[in-house]
Amino acid sequence: MCNTFSTFGFVNSWGVFQAYYQENTLRDSSPSNIAWIGSIQFSLIFLPGILVGRLFDLGYFRSIFLTSAAVLVTSTFLIAQCTEYWQFLLCQGLAAGFACGGMFGPTTAVISHWFKRRRGLAMGVVTIGSSIGGTIIPIAAHRLIPLVGFQWAIRTIGFILLFVQVMANLTLKRRLPAANSPGGLLNLKAFKSAPFTCFCLSAFFIFLGIYTALTYVEISALTRGVPMDLSFYLVAIANASSLFGRYIAGILADRIGPINVMIPMATTIAVFTYAWPFAHSKASLIVIMVLYGFATGGYVSLLSNPLMALGETNDIGRRIGMYMSILSLGALAGPPISGAINRASGGFNVVGYYAGSMVMIGVGFMCITRQLVLRRLVGKF
């Protein structure tokens, strides 16, 4: 939980920084260019998985985790000193993103070592940390920036991450011994499995659209005249509601199977991504972000759980790594594409159509994956 607080919790707070940079520090840059910082951060939480997953299988868990924690804390303090676009891109996009990726993948793999029967609930509880972080960090930034300025607001967040990472490094450990599975860094034979390939494609398309609303909801609310005091809290509201989605999804996944939960959750994400650009009142924005956040939390908390049934446990790190590297490409491209569409169309309506449709294509691939595995309409998977 401490680890997901620092990784996904920090990354999921990007919407606050997107709005702040757009209105202040980087106001001369386009929304699409600024979004590249966040999308690189989003993608790099997954992209290193192809390397980190293999190193985890070989037994290098502790060294990866400790190094990544140090880089995350250091890069956060360096963000406070940034004034130029390339500096934010380097510190908040690349360095912090790589550090989060170095910690998140191994954390996911460790869960498979300790839990089997209640694995869904375990993942749900672990990922609650990202909901807590994604709620606390935006509120802290919003409250502290007017009081102490941007630099000390970021430094305060850095001290919070330092404390949380010390706790994570003291408590997290693997259970099973290292396994040197044949095949090197990649296990390309895994892609001969149609269910595995379809599941990877589903994640790629879903991540092209899943974070669009979270990235742009604040700035879209401000352009519609929603008071700043409320618009700044929309990201925190979405992240807070995701806590309940993660917990409930974990319980349901143990009963009916993870992909049976992920399909309706992702469908809900698509529906409210379509609806978000048409919300003009405070009440409608809050309702949409609560339901969107709930569904996003439920989907992301189970992100890698179906992979446990699509291969052997001793190769889980490498399989998760390949899967996360593929979906990271969607996370990288999604928000900037949305920003470019917004700039070209002059609004967010077409952005909602694009992002929601990408998520629905991903839902289609998940349905195909489920059918290939079960070969019937009803069953646990």
| When you count, for each residue, the other Cβ atoms within 10 Å and take the mean per peptide, how do 166-172, 367-373, 39-45, 266-272 rank with the highest first? | 39-45, 266-272, 367-373, 166-172
| Using 1/(1 + (r/R0)^6) with R0 = 30 angstrom and r between the beta carbons of Phe244 and Arg343, what's the FRET efficiency to the nearest 0.05? | 0.30
| remark: Per the C-alpha gyration tensor (a ≥ b ≥ c, the square roots of its eigenvalues), the chain is rounded if a/c is under 1.5, else prolate if a/b beats b/c, else oblate; here it's oblate
| field | Distance between modelled label sites at Leu329 and Asp229, nm, 7 Å Cα→Cβ extension | value | 4.7 nm
| remark: For Ser281, placing the label point 7 angstrom along Cα-to-beta-carbon and taking segment 202-222, residues whose amide nitrogen sits under 18 Å are 221-222
| For the chain, what is the mean residue ellipticity at 222 nm derived from helices alone (per DSSP H run of n ≥ 4: -39500 (n - 2.57); sum divided by total residues; nearest 500 deg cm²/dmol)? | -25000 deg cm²/dmol
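Could you give the length gained by full extension between Thr171 and Gln87, i.e. 0.36 nm per residue of separation minus their alpha carbon distance, to one decimal place?
26.9 nm
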| task | For the chain, calculate the relative contact order in percent as a whole number, restricting contacts to Cα pairs under 8 Å that are 6 or more residues apart. | result | 29 percent
| said: Can you tally the lysine pairs in the chain where the Cα-Cα distance is under 26 Å and the two residues are eight or more apart, or on different chains? | reply: 6
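Here, each number is a calculation from the coordinates, and none is a lab measurement. Because the structure is a prediction, the values reported are computed rather than measured. When we count neighbours, we look across all protein chains shown, and the Cβ atoms used for this are built from the backbone with ideal geometry, even at glycine.
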